[in-house]
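First the structure, in the form of structure tokens, and then the observations on it.
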Protein chains: 2
Amino acid sequence: MAEKIGKQTYLLKSKPSICGYSAVVGKTEGEGPIAEDFDYIFSDDTINGSASFEKAESALQREAVTRAIAKANACTDDVDIIMGGDLLNQCIGTTFGIKEMNIPFLGLYGACSTMALSLGIASTFVDSGACSNTVATTSSHFASAERQFRMPLEYGGQRTPTAQRTATAAGACYVSSHKKNTPSISAVIFGKITDLNIKDPNNMGAAMAPAAADTIAQFLKDTGTRPSDYDLILTGDLGKVGKDLLIELLMKDENIDISAVHNDCGLMIYDMENQDVHAGGSGCGCSAAVLNSNIMKRMLSGELKKVFFVGTGALLSLTSNLQGESIPGIAHGVLITTEE
Amino acid sequence: MAEKIGKQTYLLKSKPSICGYSAVVGKTEGEGPIAEDFDYIFSDDTINGSASFEKAESALQREAVTRAIAKANACTDDVDIIMGGDLLNQCIGTTFGIKEMNIPFLGLYGACSTMALSLGIASTFVDSGACSNTVATTSSHFASAERQFRMPLEYGGQRTPTAQRTATAAGACYVSSHKKNTPSISAVIFGKITDLNIKDPNNMGAAMAPAAADTIAQFLKDTGTRPSDYDLILTGDLGKVGKDLLIELLMKDENIDISAVHNDCGLMIYDMENQDVHAGGSGCGCSAAVLNSNIMKRMLSGELKKVFFVGTGALLSLTSNLQGESIPGIAHGVLITTEE
């Protein structure tokens, strides 16, 4: 049973566990520094010849969910509810990815915060006793996101240095009741919409950093902890611009220094020196894939015991952006621990 | 604490209550048969002169949420989490509607099922003990929906007889722990995506009816109840085509006759004889506004004691639709009761 502490944080006393996890990625992501941690790397971004990039994204998400369920030694019938969403209009990456699975579905929209959002809700539902097994999932695809939010790739437009590369990737967690020696969700925090009035869709890091700062500062206050209490505070995905801004905002506004324990999924998924990815990775699938590969493995090996994972979303819509509106940000967090 | 019964249904043992509710609508909805039940009718669809129809939709949702909180004798600081979403790309109706409220936000996408989806999650979070007070909300706007999903109104296109009119309306519920003599959520069911391969975006009723049939049949099985056990089985929003199809599907496939207790929000919000609304109302705001006005009032007066409210969503996206894909449907349900 969950207990609210402070203003926004919920302790999940039963500590639901991530009993299965999977990350599958596209070609560019499969050439990055954590390539060997992924479950599968597709050799081309159509994902086995899908007729459109949107369908490719659905195929990617289907693969991640299927593998996460299989790795938990479970089958689709065991899943009470699947929680998921993605960046595409009306979340079609998810809808068409999972619709044949015949699992009750709770549709979410949190932009790039979706992995933390879905994991937060999935674990709250397990903790409440409502569900025995849930799946949290999300995906993104470079080509479907560029076409929808900026320009079709065929246009050949130049990208700015602050632009992030939407990862072609999907990740999924199978969340069940507590299991020993398994990464478990001890607490969740749902964020507020924050808005520093950023309007440049090629600078999502700046749009998301204030939300990440707000959620991290609130979580530390609510739990009475300091950055040094964590092995890793992991944001996803601020990229280079957003990471620097986050550290600056937390120092300036809150006098909190997270630099020693902070990393960002957008800087982990690509080789920032040798891959042409501008400010780093982004897209729901980026943090989902990093969490459900490298991070889970390091938690299972004992290298990391206490990870505060903060999904950061830029609530960018072309419609509102073209009407002169800002890009509001939101960040949700889950505390993942491997202590007993 | 929630208990799963049968395959998809969760009993909420603490019976969280709807302690505040509000519905605000546009001009056409304010000329319909339940006009006097709404909290406020805006005299023109720009909602106080908003610069775009999308901004008008946000203003509408902000008004509904503000009023629901006020009617619960609460303030925004009392709200632990607001759960909401809408039809617009990236749910901007909701984002820009509530972003100034500074309330933790859980973004949802369930198309026209969003009122039931948000109410189901909000009440599960209260029942779990995590939250004391939550708000469930959604909105829709005729002009913003037509522009996004079909044609801009300025085009002057003819609409087909099966087309539904997206309601310009918003509704919100303030959900808290159980309170006597107040409509309360006793059970929730989250639906599966169903797909009868309907591809016509002007026939959403047909796309949603199979999902509604699936969720209603499953709920009756899970709870061991019959249609006659309910004062009202209320779908939202199938319109005329979808309602007829739902009743036919349930009779043919399940031998269940709901005709004596069934009504649909899309047929209640407009005068089907005298208003030019084709197959009836639709849009997230339609069922949200009908539930949070006429239905709540009839429950508080004692006329209705047991209402099974089923939100039905057509997961229509222009992108997938233009790529030749079908329109999958989903339906979520909440059982609202006023017994002690």
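Things to note:
- Test for residue A:239: is it over 25 Å from residue A:7 (Cβ atoms) and more than 14 Å from chain B (Cβ to nearest Cβ): yes
- Any hit, the range B:64-73, residues being within 13 Å of another protein chain (Cβ to nearest Cβ), surrounded by 22 or more Cβ atoms within 10 Å (Cβ to Cβ) and more than 16 Å from the chain's Cα centre (by Cα): no
- Hits in the range A:21-42 (condition: surrounded by fewer than 24 Cβ atoms within 10 Å (Cβ to Cβ), touching a Lys or Arg at 6+ places or on another chain (Cβ under 8 Å) and more than 15 Å from residue A:142 (Cβ to Cβ)): A:37, A:39, A:40
- If you check A:98, A:69, A:41, A:92 for being touching a residue at least 12 places away in the same chain (Cβ under 8 Å) and touching a Leu at 6+ places or on another chain (Cβ under 9 Å), only one passes: A:92.
- Qualifying residue in the range B:297-315 (condition: under 30 Å from residue A:93 (Cα atoms), assigned to a loop (DSSP other than H, G, I, E, B) and within 14 Å of chain A (Cβ to nearest Cβ)): yes
- Residue check for residue B:331: within 21 Å of residue B:6 (Cβ to Cβ), small (Gly, Ala, Ser) and not assigned by TED's automatic domain parsing to the domain that holds residue B:116: yes
- The set of residues in the range B:96-130 that are in contact with a Ser or Thr (Cβ under 7 Å, 6 or more places away or on another chain) and either on the phi > 0 side of the Ramachandran plot or surrounded by fewer than 22 Cβ atoms within 10 Å (Cβ to Cβ) (or both) comprises B:101, B:102.
- Subset of the range B:136-148 that is in contact with a helix residue (DSSP H, G or I) (Cβ under 6 Å, 6 or more places away or on another chain) and not in a loop (DSSP other than H, G, I, E, B) - its residue that is farthest from residue B:30 (Cα to Cα): B:136
- Scope the range B:316-340; condition more than 8 Å from chain A (Cβ to nearest Cβ), over 11 Å from the mean Cα position of the chain (by Cα) and among the β-branched types (Val, Ile, Thr); matching residues: B:327, B:336, B:337, B:338
- Residue in the range B:80-92 that is under 18 Å from the mean Cα position of the chain (by Cα), modelled with pLDDT of 95 or more, within 8 Å of chain A (Cβ to nearest Cβ) and assigned to a strand (DSSP E or B) present: yes
- Of all the residues in the range B:96-123, those that are within 20 Å of residue B:313 (Cα to Cα) and either over 19 Å from the mean Cα position of the chain (by Cα) or facing another protein chain (nearest Cβ under 8 Å) (or both) number 8.
- Taking the listed residues A:155, A:109, A:174, the one that is touching a Leu at 6+ places or on another chain (Cβ under 8 Å) and among the hydroxyl-bearing types (Ser, Thr, Tyr) is A:109, with no other qualifying.
- Across the range B:131-156, the number of residues qualifying as within 13 Å of chain A (Cβ to nearest Cβ) and in contact with a Ser or Thr (Cβ under 6 Å, 6 or more places away or on another chain) comes to 4.
- First in the range B:44-62 and free of Cβ contacts under 8 Å to residues at least 12 places away in the same chain, second anywhere and part of a helix (DSSP H, G or I) and of a type outside the set (D, E, K, R), Cβ under 7 Å, 6 or more apart: B:46/B:56; B:48/B:59; B:50/B:56; B:50/B:59
- Within the range A:1-47, strands (runs of 3 or more DSSP E) holding 3 or more residues that are in contact with a strand residue (DSSP E or B) (Cβ under 8 Å, 6 or more places away or on another chain) and away from chain B (no Cβ under 14 Å): A:17-25
The values are calculated or read from the model by the stated rules, or taken from the named source; none is laboratory data. All of these numbers come straight from a predicted model, not from anything done at the bench. Because the Cβ atoms are built from the backbone with ideal geometry, glycine has one as well, and the counts that use them run over all protein chains shown.
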